[in-house]
Each structure stands twice: as C-alpha cells, then as structure tokens.
Amino acid sequence: MANTQPSRSALRVADLAQNAGTAFEIVPDKSALSAMADMLELTSLRKVRFAGEVRAQGKADWLLTGTLGATVTQPCAVTLAPVVTRIDTPVRRVYLRDFADEIDAPEVEMPEDDEVEKLGAWIDPDAVLIEALSLAVPDYPRASGVSLGETVLTEPGKAPLTDEAVRPFAGLADLKAKLDKDPGE
C-alpha cells in the first residue's frame, strides 16, 4: 500500500530533494470542488487554492508550509440563509520519522502541537488541504445581523430563569454605579 500514490499531488518522500524545497500548487477542478463540498457538508465551495512547499527539516524530518484560500457557502446556523465566508489561512505540518503514535493506555492526552504527524512513505498536500479546510470552516456561521436571542424554558406556574437572573454580580455592579454616582449618601 505504501507504493500506491494516495492522490495526484502526493509526494514520495524518497524522491524529495534534501537540499531544496519542493513546491506544490493545488487548484481543484469543478468535480473535485463538488466532492469536497459534499464531504465537508457545505452548500458550495469555490476559488480553492493551496500552494506551498515541502522542505527537509534536519536529517529525517520534513516540513510542509503553505497558504490555503477558499470561498465557502454554508447555511446560517440560525436562519438557514446562505452565508459566504472567505478563508485565507497559513498551513504548517511537520512530519517526524520518530513519532510515538502507538500508545497502549486506556486514556491518552492529545498532543499540544496539532501540526505534527508521523512521516510515512508519502506526503499528501491534497489530504492536508481537506483537513486544513475542514478546520478553518466556521462551525456555526451566522448571516449578517442575526443573533440567537434568548430562550426561556420553565415549568408551568414557576418564574422563568433568564440569563440576567443567572448573573449574580450584575446587582453589585448596579449598586457600585449608584454609590459612585452619589458619594455623599
């Protein structure tokens, strides 16, 4: 499986130059954009461009750096109206030969550095593009001027618990403002 190229943009690590960077540029066609939009559950995806380079870092590790640009359309989390977002984000991945990913423990802490990955036979900018795009897309997009408002739920016959009532220090702030206004009383 290691000899099979994962995507058209994948770079075989054994073929990369140790003393110079290897540039890449990915501009998906319409069918690829449609497939990515479906995969990421977007209404539409356009103007996607991922460009950068892969460069040796030390004797056995590799560094991928690039810039991802894309325009995504997704439904507003409140009104379902289409929301268009422009994404322009730097991307960085470090591929380490000596990467401890096999931990035999019932609980495992996530590493702080989410840019580090285990080095395999291939470095795949297509896979990095999809991962970086999925992380950059807004989780809860909102149309301009839309807010969630306040939901008040309670049992019949009881006073509703509002956001204002849950703020215990709000009354103290009002009292302090009153005291500052009338220092003589």
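The values are calculated or read from the model by the stated rules, or taken from the named source; none is laboratory data. Computed from a predicted structure; not experimentally measured. No Cβ is skipped: glycine too gets one built from the backbone with ideal geometry, and neighbour counts run over all protein chains shown. Only protein heavy atoms, including side chains, enter the accessible area calculation; ligands, DNA and RNA are left aside. Shrake-Rupley method; radii C 1.70, N 1.55, O 1.52, S 1.80 Å.
Tabulated data
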quantity: Condition check for L80: at pLDDT 95 or above, aliphatic (A, V, I, L, M) and either closer than 20 Å to V137 by Cβ or open to solvent by 60 Å² or more (accessible area, probe 1.4 Å) (or both); calculated: no
quantity: The range 1-36, residues that are under 12 Å from W122 (Cβ atoms) and part of a helix (DSSP H, G or I); calculated: V13, A14, D15
quantity: Tally of residues being in a loop (DSSP other than H, G, I, E, B) and open to solvent by 80 Å² or more (accessible area, probe 1.4 Å) across the range 37-55; calculated: 2
quantity: S134 vs. criteria at pLDDT below 75, within 25 Å of the chain's Cα centre (by Cα) and hydroxyl-bearing (S, T, Y); calculated: no
quantity: One residue from D61, D88, D29 being open to solvent by 20 Å² or more (accessible area, probe 1.4 Å), acidic (D, E), modelled with pLDDT of 90 or more and within 22 Å of the chain's Cα centre (by Cα); calculated: D88
quantity: Close pairs (7 angstrom Cβ cut-off, 6 or more residues apart or separate chains): modelled with pLDDT of 80 or more in the range 1-17, aliphatic (A, V, I, L, M) and in a loop (DSSP other than H, G, I, E, B) anywhere; calculated: R12/A121; V13/L119; V13/A121
quantity: Residue count for the range 60-82, restricted to those that are in contact with a Gly (Cβ under 9 Å, 6 or more places away or on another chain), among the β-branched types (V, I, T) and assigned to a strand (DSSP E or B); calculated: 2
